[in-house]
Amino acid sequence: MEEQFLDLKNSALSLILDTESLTELEEIRIQFLGKNGELTLLFKEVTKLSAEEKPEAGKVANEVKRIIENTIKQKSDELTKKGKSKHQSLDVTEPGIKPPLGHLHLVTQAIREITTIFGHIGFTRERYPEVEWDWYAFTSLNFPDDHPARDDWETFFIKQQPDSKMGPVVLTPHTSSGQVREMQKKQLPIKMLNIAKCYRRQSDVSHTQMFHQFEGVVIGQDISITHLKGTLDYFVKSYFGKDRIARIRPYHFQFTEPSFEVDISCGICFGKGCKLCKEGWLEMGGAGMVHPNVLKFGGIDPQKYTGFAFGWGVERILMMKEGIQIDDLRILYGNDLDFLKQF
Ligand code: DAH
């Protein structure tokens with residue numbers, strides 16, 4: 001009897017291990033374990049045995065049944081898994097998983113655009129220290145010692161012993177601090193574009209403590225206000241659109257004479273005046289003819305050379321660009337992906 005069980009087990013196992021199909025496996029299961037299956041019938045034989053033989057034969061029978069059932073289960077799992085992976089590797093039309101792709105920050109995009117626009121008319125982008133001597137940030141730009149911008153309410157000061165000539169160390173409050181550094185290179189004519197981070201102690205909807213400015217300086221022979229105006233118009237048209245124009249208004253800056261405030265015509269009413277702009281013009285930033293004292297600080301003879309300069313906020317012009325509406329500038333640096341992803 002036991003012999004019969006062991007033979008049955010061997011033939012069942014070899015069939016199970018050989019098969020490569022789930023349907024065939026099911027047929028094998030029925031062949032051995034089904035209602036009239038070979039093992040089931042053999043079990044019935046056990047009941048006919050004598051009382052002494054029964055326990056031993058029953059034990060073997062149960063053991064064989066357990067082995068066959070387990071092997072079928074294992075084989076079934078193996079074939080199901082194989083079937084799945086076969087399906088995956090074959091389906092070339094299934095869409096792939098796209099890795100998330102980021103993009104440049106809105107401000108970086110603007111900086112690149114500004115650099116390209118000015119690059120087309122010969123400006124070269126320069127970089128100057130972000131942590132700077134007071135002398136470059138203020139003194140060389142004709143600021144008197146008691147000018148309010150020097151107040152530590154406006155400017156960030158670095159904790160360091162002031163230098164007897166250069167004064168204290170500050171975080172650049174404006175890109176104008178690159179003007180005299182550029183002049184000291186002693187390479188005329190100058191056509192520089194300094195785009196950099198600036199710092200001031202102000203934080204509200206229209207100010208962040210760290211922001212960016214771009215500063216243009218042109219110095220050479222016979223440079224006049226008309227060159228400045230032409231450059232401003234060119235930039236305004238390139239950046240904001242062909243139908244926009246620039247206007248200059250008298251103003252005051254320490255380092256330019258004469259000084260101007262630059263406005264651009266409103267994109268809705270084009271200078272006529274509307275609900276949005278009221279006057280027809282939007283204020284953009286400062287400009288002027290480089291002050292003779294500044295030229296002297298830079299080692300340039302103001303009798304021989306003249307120049308113009310302008311300095312505007314990157315975030316500011318970004319806000320003024322059509323289609324971009326930013327109510328609170330601080331969102332630019334808040335790392336809010338829902339906001340940043342839109343640009
Ligand atoms: N540095 C000035 C500021 O931060 C902006 C400025 C005004 C720059 C006039 C200039 C200029 O080059 O000519 O407010």
Could you check, for the range 254-263, whether at least one of its residues is in contact with a Leu (Cβ under 7 Å, 6 or more places away or on another chain), assigned by TED's automatic domain parsing to the domain that holds ASP134 and closer than 30 Å to GLY334 by Cα? yes
Could you say whether any residue in the range 255-273 is within 13 Å of the ligand (Cβ to nearest atom), under 37 Å from the mean Cα position of the chain (by Cα) and assigned to a loop (DSSP other than H, G, I, E, B)? yes
Just one of (1) open to solvent by 70 Å² or more (accessible area, probe 1.4 Å); (2) within 16 Å of the ligand (Cβ to nearest atom) trips up GLY313, so point out which. (1)
VAL205 passes all but one of the listed conditions (1) among the β-branched types (Val, Ile, Thr); (2) over 30 Å from TRP153 (Cβ atoms); (3) open to solvent by 30 Å² or more (accessible area, probe 1.4 Å); the exception is number (2)
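Considering every residue within the range 221-232, establish whether at least one is part of a strand (DSSP E or B), over 37 Å from the mean Cα position of the chain (by Cα) and either within 16 Å of the ligand (Cβ to nearest atom) or charged (D, E, K, R) (or both). Explain how you work it out, then say what you get.
Just the residues of the range 221-232 that are part of a strand (DSSP E or B), to begin with: none.
No: zero hits.
Conditions tested, residue by residue: (1) of a type in the set (Phe, Trp, Tyr); (2) under 35 Å from the mean Cα position of the chain (by Cα); (3) in a strand (DSSP E or B).
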| residue | (1), (2), (3) |
| --- | --- |
| ILE219 | no, no, yes |
| ASP243 | no, yes, no |
| LYS278 | no, no, no |
| LYS304 | no, no, no |
How many of the residues making up the range 248-274 are in contact with a helix residue (DSSP H, G or I) (Cβ under 9 Å, 6 or more places away or on another chain) and open to solvent by 10 Å² or more (accessible area, probe 1.4 Å)? 8
List the pairs whose first member sits in the range 56-76 and is free of Cβ contacts under 8 Å to residues at least 24 places away in the same chain, whose second member is surrounded by 15 or more Cβ atoms within 10 Å (Cβ to Cβ), and whose Cβ atoms are under 7 Å apart, counting only residues at least 6 apart or on separate chains? GLY58/VAL46
In the range 291-299, is there at least one residue being in the same structural domain as GLU182 (by TED's automatic domain parsing), at pLDDT 95 or above, in a loop (DSSP other than H, G, I, E, B) and more than 11 Å from the ligand (Cβ to nearest atom)? yes
State whether the residues of the range 181-193 include one that is under 32 Å from the mean Cα position of the chain (by Cα), surrounded by 12 or more Cβ atoms within 10 Å (Cβ to Cβ) and in a loop (DSSP other than H, G, I, E, B). no
Can you tell me which residue in the range 50-73 is nearest to LEU8 (Cα to Cα), limited to those that are of a type in the set (S, T, N, Q) and surrounded by fewer than 12 Cβ atoms within 10 Å (Cβ to Cβ)? ASN70
Criterion first (assigned to a helix (DSSP H, G or I), within 16 Å of the ligand (Cβ to nearest atom) and open to solvent by less than 60 Å² (accessible area, probe 1.4 Å)) does LEU318 satisfy it? no
In the range 168-188, anything more than 13 Å from the ligand (Cβ to nearest atom), farther than 20 Å from TYR199 by Cα and not hydrophobic (A, V, I, L, M, F, W, C) is listed as GLN184, LYS185, LYS186, GLN187
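The values are calculated or read from the model by the stated rules, or taken from the named source; none is laboratory data. Because the structure is a prediction, the values reported are computed rather than measured. Positions of Cβ are backbone-derived with ideal geometry, glycine not excepted, and every protein chain shown enters the neighbour counts. The area values use the complete protein model at the heavy-atom level, side chains included, leaving out ligands, DNA and RNA. Shrake-Rupley method; radii C 1.70, N 1.55, O 1.52, S 1.80 Å.
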